[in-house]
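So the structure is just underneath, and the comments pick up after that.
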Amino acid sequence: MPDRPAGSRDISACDLSVVVPVYKEEASIVPFLERIEPVLKGLGGAYEIIFCLDPSPDRTEEVITEAIARNQNIRLIVFSRRFGQPSATMAGLMLCKGAACVVIDVDLQDPPELIPALYDRLRDGVEVVYAKRRSRKGETLVKRLVAKVGYWMIARLSHVQIPRDTGDFRILTRRVIEELRSLNESHGFLRGLVAYVGFRQAFVEYERHERAHGQGNYNRFLGSLKIGLNGLISFSSRPLQLMSVAGALVAGFSVLLGLWFVIQKLTGSALTPGLPTTVLVITFFAGVQLLSLGLIGEYVGRIYDEVKRRPMFIIDRKVNF
């Protein structure tokens, strides 16, 4: 096991925690453990694997419980209801005990064999090492296009620099984990929160594989869009500013259009037929107004969620803690 990362504090005998959010992953648990356990044992230190489970209609919980009986380094958190992957991930970070923590999905698209390379970079004084995707195998053209446009928009509009082509697969030192625990946001967009916390960060590139077993729980068309919108609204107010600019441009267009009709009237020219122009202007204005209201509604809804101060997750039970 490499030296403990700089800036961490020893709160337990655990060197490395692995946080794994899961939901309806009955077929993925065993293959995931078969690959990650040898990797963690090869590092040579104490470790823990924390499965954060949204209650599933399949046998996911039973499979994890059977694994705990075999390996006491495996732990399980079961929530009172489905809170979603971001909340499940934050719950694992709140309860992990390692001097460093890896966040990884169970579907094996992110290879556990990359963990030693991520851990090695911590010895250079880096506080966060994230895995950067060199390719995105097994994803539809629509999803890749949405992801590309989404990352571009976030990079251009966000107040914090969120690395492109990255997911939640990364390793964090205890110092960063403690800073994340001190935040009070109910929308746990991890990659944005980690970028907001700052400190020295680095990356390791890798080839992202196709999903090994089962199907993903995100909508293949709207899932990436929802994640990107969450990140953009959580870390930037510039979309509101852009709506103000759009409103000014539309108002300017309407003024120019009015001047054009005045000039036609003064010069005695035949007036442009009014019905098409009227329909065009009304629909254009209506579209801009509805878009603006929808965007404002997203921010108002986010404010509404935050001021209620509801917990990000509620734990039903913990196993092997």
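The values are calculated or read from the model by the stated rules, or taken from the named source; none is laboratory data. Here the structure is a predicted model, which means the values were calculated and not measured. Here the Cβ positions follow ideal geometry from the backbone for every residue, glycine too, while neighbour counts run over all protein chains shown. Calculation scope for accessible area: heavy atoms of the full protein, side chains included, ligands and nucleic acids excluded. Shrake-Rupley method; radii C 1.70, N 1.55, O 1.52, S 1.80 Å.
Structure summary
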{"read-out": "Search result, residues across the stretch 46-64 that are more than 14 Å from Val102 (Cα to Cα), touching a residue at least 24 places away in the same chain (Cβ under 8 Å) and surrounded by 17 or more Cβ atoms within 10 Å (Cβ to Cβ)", "value": "Leu53, Asp54, Ser56, Thr60, Val63, Ile64"}
{"read-out": "Selection within the stretch 61-98 - assigned to a helix (DSSP H, G or I) and more than 23 Å from the chain's Cα centre (by Cα)", "value": "Glu61, Glu62, Val63, Ile64, Thr65, Glu66, Ala67, Ile68, Ala69, Arg70"}
{"read-out": "For Lys24: the one exception among (1) under 20 Å from Pro111 (Cβ atoms); (2) open to solvent by 60 Å² or more (accessible area, probe 1.4 Å); (3) in contact (Cβ under 8 Å) with a residue 40 or more places away in the chain", "value": "(1)"}
{"read-out": "Given (1) touching a helix residue (DSSP H, G or I) at 6+ places or on another chain (Cβ under 7 Å); (2) modelled with pLDDT of 65 or more, number of the condition Ser158 does not satisfy", "value": "(2)"}
